[in-house]
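The values are calculated or read from the model by the stated rules, or taken from the named source; none is laboratory data. From a predicted model like this one, the values you see are computed outputs, not experimental measurements. All Cβ positions, even for glycine, are placed from backbone atoms using ideal geometry, and neighbour counts span all protein chains on display. Surface accessibility is based on the protein's heavy atoms, side chains included, excluding ligands, DNA and RNA. Shrake-Rupley method; radii C 1.70, N 1.55, O 1.52, S 1.80 Å.
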Amino acid sequence: MQTLYNHIFIHRFRKLNWLNNNLIRDIHWLFESIEKYKPLDPITKKNILDYCIIEEDKNEQLRLLAQDSWAAHSHVWLTKMIEVDNPIRELVALFWHHHIPSSTGKKFEHGSLLLEIFRKYGLGNARELFVKVAANPAMMYYLDGHWSHKNNPNENFPRELLELFLLGEGNYTLQDVKEAARAFTGRRFNHKDYPYELYIDESAYDKKEKEFLGEKGFFNGEDIIDICLKQKQCARHLTESIIAFFIAENPPKELVEDCAEYYYHNNYKTDDLLKYIFQHRMVNTNTKWIKPKVKTPVELLVCFCRQTGYELRGIKTSRNLLRDMGQTLFSPPNVGGWPRGESWFTSNHVLYRIFGLTALIHISNRHHPKDSLAYKVKSRIDRPGLRSFRWNHDGHWNQNKYQRVLSDRNIKVPRWMLGESNSMTLKECLESENYQYH
Amino acid sequence: MKRKTFLYALGAATASRLITKCETPHLKHIHRYDGKRLIIIRLDGGNDGLYALAPKHNESLKKLRPTLLKNTIVDGINLEKNWMLHPSLSAISDLWNKEQAVFKPFVGFNKINTSHFKSAELWESGLFADDVNPDKTGWVGRLVEESKSDTDLFKHYPVLKLHNRQTIIDKTPKLAAFSWLEENPLNTFYDTEEWLSKKSANKLKNRVQNEVDQLNLFKEIRPVPNYPKTQLGLQLSKAASVIKHDLPYQYIHANLGGFDTHLSQPLRLNSLYDELNQALLFFNSSITQSQWMNTMIMIYSEFGRTVDENKNHGTDHGYSGLSLILSGDESYLKQIKNLKDFSEYSFTNYTPILNTNKDLIKHCSDWMSMT
């Protein structure tokens with residue numbers, strides 16, 4: 001019987017070439033075949049051609065790169081999510097980005113370092129992840145942690161650490177926030193030299209005794225994180241967020257408690273927790289609570305590309321489309337993060353979600369430079385309404401390969417895309433209500 | 001009044017006379033609405049109410065704010081009962097003089113909350129922290145549902161959002177506001193009608209139909225021209241355009257960010273108050289007197305700031321903040337006006353809480369429900 005895990009990963013994130021039946025697609029494969037961690041390679045002059053659809057685009061892409069290096073880097077991350085065989089590392093990093101929203105700081109490297117923290121430590125021990133996040137310049141800028149002084153402790157980061165990231169509201173007092181703010185004073189980072197290491201300005205740091213969550217001591221920022229992790233509520237809060245992201249919203253209390261207990265007693269190891277969740281009886285057999293989950297814009301785009309073999313081209317293509325669908329990576333609407341569930345179906349975003357993917361297919365495989373006569377004529381004749389879309393997006397799609405791969409395996413399009421046995425074209429699948437959900 | 005502000009007002013008044021109602025097919029077939037409207041403006045970040053409105057002769061305040069108080073007290077605008085209004089807020093003082101503005105200086109919650117995220121949620125839900133709200137609905141959303149709006153008149157959900165911020169203020173389990181943003185995707189995806197015609201009824205189809213209907217409506221509508229080229233200026237010019245075209249939206253919400261002034265407060269707030277002032281002045285000049293009679297503007301911030309200033313010429317998250325209600329309906333404002341003299345009040349680091357978010361929302365919702 002197909003387990004929910006199979007549905008989550010095999011169906012949801014299947015790749016076009018994942019039809020090799022020799023590979024065992026199960027839990028063990030998912031966690032044993034994780035690609036060794038390697039930082040993402042940013043786009044530079046040397047590799048820019050890999051992201052161009054035609055060679056003539058190089059100068060324009062370099063110009064865009066200089067204009068918005070973060071659009072380019074989020075495109076690199078997205079490309080990794082699409083191309084990697086086993087996506088678990090990137091999905092876990094995406095989860096942490098949702099759970100601990102932040103912007104990109106004042107320099108490109110601030111944000112890229114934060115992303116690498118999520119990618120490198122996301123599957124490991126949560127304590128190590130949170131200590132690194134708390135010391136990251138992008139996070140310190142986002143929540144004003146870089147100028148907190150013992151005479152004027154800034155409460156923004158400590159408050160969100162307790163309320164949103166670790167414990168959840170109602171599980172600490174206002175006084176706890178103040179004490180945590182004192183512990184996080186004096187933290188500065190080296191502004192000049194990469195990797196912008198944290199150091200403590202002793203003249204700004206509050207060395208006095210603090211009392212936090214019932215414990216007394218001369219606590220610093222790391223100590224605050226440790227005390228939070230000692231609370232079982234912390235395990236519950238993180239576990240609930242993980243289950244909501246990977247399985248479905250509003251998990252039952254029984255499931256959360258059981259998984260949180262496991263997480264707590266297994267040193268907050270996130271990969272172990274995920275294995276436990278994916279094999280849990282309430283995720284595989286007792287599944288009445290699991291309702292279809294709206295795909296986030298990133299999931300929608302990644303699923304589409306993995307399932308069809310579509311290759312995004314142009315360093316701003318993914319950023320433009322995700323923005324129009326309502327999600328710009330590393331630019332959350334507020335510290336609470338992005339919408340959940342059907343809140344994604346708001347305003348203009350719903351139209352881009354439904355029609356944007358087939359538009360991508362339509363404008364794919366551009367052969368001519370955008371300043372050429374051939375391009376200008378084509379864009380005015382062939383679905384002129386997509387002119388603006390065509391200008392801002394690019395992609396390559398081998399339709400023949402896609403059809404051949406499916407027909408070789410005797411698999412119909414809706415079965416591949418939606419797990420349904422009816423008869424629909426690819427366009428109908430992509431524009432169906434079911435495609436918006438997991 | 002500054003020269004720039006005067007020119008904006010003159011531009012607005014002129015432009016508004018030149019606007020003719022566009023009669024596109026979509027506009028021709030909607031029911032026009034010229035009844036009451038509530039515009040809600042959130043000052044995002046926690047506005048320092050005492051920087052906008054301060055008691056003139058309060059000794060405890062002078063000790064706690066030796067620097068920050070100067071702008072408001074020395075150069076400010078004299079109101080009544082020893083209150084001084086920040087000098088940049090002349091449009092509000094003009095309304096005050098006409099009895100078209102009410103100040104509520106210290107509005108907070110029943111229990112203190114200094115989290116941006118949580119406080120914003122409490123304001124938008126119109127509830128307190130211990131109230132139950134499992135569906136995370138907003139007070140405007142519930143108000144619309146409870147009032148059982150005339151579905152012939154309000155074919156769509158009569159709430160309009162003019163900003164990009166995430167909010168629950170208009171949220172109900174079924175509905176959310178339409179957002180009037182810059183680009184109209186119908187210009188790109190013009191086969192949506194074909195898609196709609198082929199689809200059997202389902203939740204997504206209904207949502208898309210709703211969006212498409214409203215996007216078609218707004219295809220020909222533009223903001224009132226010559227608006228102040230600021231974030232809030234654009235939003236209020238859109239609000240004015242909705243009113244001038246009698247479009248069926250009863251609730252409109254706008255947002256102005258930047259009020260989390262932990263440092264360099266005077267520099268930042270002076271500029272933001274300028275923006276607020278010009279936008280309000282432009283808006284008021286763009287609509288007729290009778291339209292203003294039927295309009296109420298509620299201005300609030302998720303919380304106030306500390307009374308004492310910090311060492312970075314700023315303030316930190318406080319307990320209660322300033323809210324304002326502006327309207328051409330002077331008779332109603334007279335009933336809710338209640339500004340007390342705070343000259344003798346002994347301020348501590350935190351402001352008192354005289355009213356709650358529920359009190360302010362009740363003033364507005366009561367007015368909306370009055371015939």
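Laid out as a table, the results:
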{"read-out": "Packing-based ranking, highest mean first, of A:54-67, B:243-256 given that Cβ atoms within 10 Å are counted", "value": "B:243-256, A:54-67"}
{"read-out": "Cα centroid of the stretch B:267-327 to Cα centroid of the stretch B:71-107, whole Å", "value": "11 Å"}
{"read-out": "Centre separation in Å (Cα based) which lies between the stretch A:189-205 and the stretch A:44-102", "value": "29 Å"}
{"read-out": "Nonlocal amide H pairs with residue B:356, under 5 Å, H built at 1.01 Å", "value": "B:108"}
{"read-out": "Residue mean of other protein chain beta carbons inside 10 Å, A:145-156", "value": "3"}
{"read-out": "Karplus-derived HN-Hα couplings along the stretch A:188-197 (A = 6.51, B = -1.76, C = 1.60, θ = phi - 60°), whole Hz, x at Gly and Pro", "value": "10, 10, 5, 6, 8, 9, 4, x, 6, 5"}
{"read-out": "The stretch A:329-438: trypsin sites (Lys or Arg not before Pro) in DSSP coil with no more than 13 other Cβ atoms inside 10 Å", "value": "A:409"}
{"read-out": "Distance between modelled label sites at residue B:182 and residue A:36, nm, 7 Å Cα→Cβ extension", "value": "4.6 nm"}
{"read-out": "Relative contact order of the stretch B:192-244, defined on C-alpha pairs under 8 angstrom at six or more residues apart (%)", "value": "25 percent"}
{"read-out": "Stokes-Einstein D for the stretch A:119-200, Kirkwood Rh over Cα pairs, 10 °C, 1.306 mPa s (µm²/s)", "value": "119 µm²/s"}
{"read-out": "Nearest-ten-degree value, helix A:270-279 long axis tilted from longest Cα axis of chain A", "value": "60 degrees"}
{"read-out": "Among the listed pairs A:208/B:70; A:132/A:293; B:161/B:362; B:118/B:161, those beyond 29 Å (Cα-Cα)", "value": "A:208/B:70; A:132/A:293"}
{"read-out": "Hz values of 3J(HN,Hα) by residue in the stretch B:298-306 - Karplus curve (6.51, -1.76, 1.60), Gly and Pro given as x", "value": "10, 10, 8, 9, 5, 7, x, 10, 5"}
{"read-out": "Cα-based helix-to-principal-axis angle, B:231-244 vs chain B, degrees rounded to 10", "value": "50 degrees"}
{"read-out": "Inter-label distance for residue B:129 and residue A:381, nm, one decimal - labels placed 7 Å from Cα along Cα-to-Cβ", "value": "6.6 nm"}
{"read-out": "Prolate/oblate/rounded label for the protein assembly as shown (Cα gyration tensor, a/c 1.5)", "value": "oblate"}
{"read-out": "Integer Hz, Karplus 6.51/-1.76/1.60 couplings in order for the stretch A:199-205, x for Gly and Pro", "value": "9, 9, 7, 4, 6, 9, 8"}
{"read-out": "Accessible carbon and sulfur surface of the stretch B:60-104 relative to its total accessible area, %, 1.4 Å", "value": "48 percent"}
{"read-out": "GluC sites (Glu not before Pro) restricted to the stretch B:97-185 and DSSP loop, no more than 10 other C-beta within 10 Å", "value": "B:182, B:183"}
{"read-out": "Aspartates and glutamates whose Cα lies under 16 Å from that of residue A:253, excluding same-chain neighbours fewer than 8 positions away", "value": "A:240, A:261"}
{"read-out": "Over 22 Å between alpha carbons, listed pairs B:205/B:244; A:46/A:378; A:36/A:80", "value": "B:205/B:244; A:46/A:378"}
{"read-out": "Within 10 Å of each Cβ in A:172-184, the average number of Cβ atoms from other chains", "value": "1"}
{"read-out": "Percentage relative contact order, chain A, counting C-alpha pairs under 8 Å, at least six apart", "value": "19 percent"}
{"read-out": "Average beta carbon contacts from partner chains per residue of B:176-188, 10 Å cutoff", "value": "5"}
{"read-out": "Estimated FRET transfer efficiency when R0 is 25 angstrom, pair residue A:421-residue B:202 (beta carbons, to 0.05)", "value": "0.80"}
{"read-out": "Sequence-distant residues sharing a close amide H with residue B:257 (under 5 Å, placed H)", "value": "B:44"}
{"read-out": "Of all DSSP beta bridges in the protein assembly as shown, antiparallel share, percent nearest 5", "value": "55 percent"}
{"read-out": "Placed amide H near residue A:196: partners under 5 Å, 5+ positions off or other chain", "value": "none"}
{"read-out": "Accessible surface buried upon A-B contact (total; probe 1.4 Å; Å², nearest 100)", "value": "3600 Å²"}
{"read-out": "Whole-number percent relative contact order across the stretch A:281-354, with pairs defined as alpha carbons under 8 Å at least 6 apart", "value": "36 percent"}
{"read-out": "Accessible surface, chain B, averaged per residue in Å² (probe 1.4 Å)", "value": "41 Å²"}
{"read-out": "Pairwise FRET efficiency - residue A:203 versus residue A:174, Cβ, R0 = 30 Å, nearest 0.05", "value": "0.65"}
{"read-out": "Chain B: angle of helix B:116-125 to the longest principal axis, Cα-based, in degrees nearest 10", "value": "60 degrees"}
{"read-out": "Calculated FRET efficiency for the pair residue A:194/residue B:371, C-beta based, R₀ 45 Å, to 0.05", "value": "0.10"}
